[in-house]
Structures are given as structure tokens and as C-alpha cells.
1. Can you list residues from other chains, or at least 5 along the same chain, whose modelled amide H is less than 5 Å from the amide H of L83?
2. Which GluC sites (Glu not before Pro) in region 114-202 pass both tests, a DSSP loop state and at most 13 other beta-carbon atoms within 10 Å?
3. So for region 16-155, averaging the separation of alpha carbon pairs under 8 Å that are six or more residues apart and normalising by length, what relative contact order in percent results?
4. Rolling a 1.4 Å sphere over the protein heavy atoms, what is the accessible area per residue of region 88-172, to the nearest Å²?
5. In nm, give the distance between the simple-model label positions of K129 and Q172, each being 7 Å from the Cα along the Cα-to-Cβ direction.
6. What list of whole percents do you get for P(r) of region 88-172, with Cα-Cα distances grouped in 5 Å bins up to the one holding the largest distance?
7. Which one of P141, P114, P127 has the biggest mean-square fluctuation once the chain is modelled by GNM with Cα springs under 10 Å?
8. Which of K33/K74; K108/K165; K24/K181; K112/K181; K33/K160; K74/K181 have a Cα-Cα distance over 24 Å?
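The values are calculated or read from the model by the stated rules, or taken from the named source; none is laboratory data. The structure presented is a predicted model; accordingly, all values stated were derived computationally and were not measured. When we count neighbours, we look across all protein chains shown, and the Cβ atoms used for this are built from the backbone with ideal geometry, even at glycine. For accessibility, only protein heavy atoms count, side chains too; no ligands or nucleic acids. Shrake-Rupley method; radii C 1.70, N 1.55, O 1.52, S 1.80 Å.
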Amino acid sequence: MITVALPKGRIADDTLKIFRQIFKSDFLFEDRKLIMEEGNFRFLAVRNQDIPTYVSNGAADIGVVGLDVLEEHKPDVLRLLDLGIGRCRICVGVRNEYELDYNNPGIKIATKMPNITREYFASKATPVKIIKLYGSIELAPLIGLADAIVDNVETGATMKQNGLKVAEVIMQSSAHLIANKNSYIIKRDEILSLYDKISAIL
Ligand code: PRP
């Protein structure tokens, strides 16, 4: 049995589509159920940011998670494969009329990704004040909580509809297949066989 942690929402749907294609089986979570067992697999419906915790602790053998979450939390897991789904960009965003000034040492940045933000501005040698939020990041510069944001941009609609623009692109992200290090030793054949099947249809 292989336990797979999936982030709730579109990435889970797209990943289950891949599994359906490979195994010709009905992989679908029932209504509000958080665990689904089908054939040799057990799927867990997990909050995106929690996937590395499930996989690094061995509660799941493998998982699917955005590269942005891996870069933010740097969990002790194996990165197996870029699934190419859930593509987005991690960007610095500002109000349309605002220009980001790297010589201003007091820039306030709202984000749910404080580590990526800290590393990025450190690479520019710009000290920033990071304001940690958990969602609706785009709101912060609109009401003066922050000068800029660091957030994921997928279609760009949220920024556009709130009068924000991309000032810098920090990184590209997409969903990656990751594995627990012990599982990769103990269940190596099963995980590699799955890896081959997924790579073949990508
Ligand atoms: C993400 C992200 C942006 C939005 C970007 O938020 O934080 O707010 O999606 O998508 P777009 O470019 O297609 O408009 P999410 O929906 O995950 O909710 P959150 O505000 O709780 O982080």
C-alpha cells in the first residue's frame, strides 16, 4: 500500500486524473471524506502547506506539492518529478502607481512566504520588514498595511482586479511529486514503478 498526500482543490483533481488514466480506476474523494482507498493506494486530502509535514514524517509515502511550498519550507524529502500542473509564478506585486525602490531600506512586504521573501530581498541587499499573512495577500497594499506583496500569481486576475501589478518575478512554480526518504528505500520498487508510469503520460 502506498499512501499519497494530495493538496485539496485543483491540484488534487489534476493528480487524480493522472492516476485514473494510468490505473483505469475510479479515484475520487467522496463528498467531505479526507481518506480514499482504491486498489494499492490510499489518498489523503491535505492542506497544501501541510503536505511536506505528512511526507517528511512518513504519514504519507509520497505527496504532491508546489515548488513554492518546497522552497519556502525546505522539508527533508526527495523531489521525484515535476508534474507540470498547478503552474504559477511567485511575484513581487505593488499598486499600479507604485514603483519599487530597492534603495528604500524600510519596504514593508506582506506575504504568506516569509522565507522566500527574506532570501529574495537579501539577494538584492535590501532590508525589508516582512508582514506574515495567511491569505488575501493582495489586500495589504490597498489599505496601507504593506508597500508590496510577495504572492503566487496564476492568471493574474486577482492582482488586476485589485489595481496591482507584477514588479518582479521571483520564481516559477509547479506541482512536484515528493517522497519520504525511508519509504523510498522500503517501497522503492512500488514508488519507482509509479514514477515510471506517471513520467510516461506527462
Ligand atoms: C492565490 C494567491 C492569489 C491568487 C492568484 O490565492 O494567493 O491570491 O491565488 O490567482 P490568480 O492570479 O489566478 O488571480 P488562493 O486562492 O490560494 O487563496 P489565499 O488568498 O487564501 O492564499
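1. Correct list: A175, H176, L177.
2. Numbers: sites: E119, E138, E154, E168, E190; in loops: E138, E154.
Within region 114-202, the qualifying GluC sites (Glu not before Pro) (loop, at most 13 other Cβ atoms within 10 Å) are E154.
3. About 20 percent, as a whole number.
4. Roughly 53 Å² per residue, with all protein chains present.
5. Inter-label distance under the simple model: 3.6 nm.
6. It works out to 3, 17, 30, 29, 16, 4, 0, in whole percents.
7. P127
8. Correct reply: K33/K74; K24/K181; K112/K181; K33/K160.
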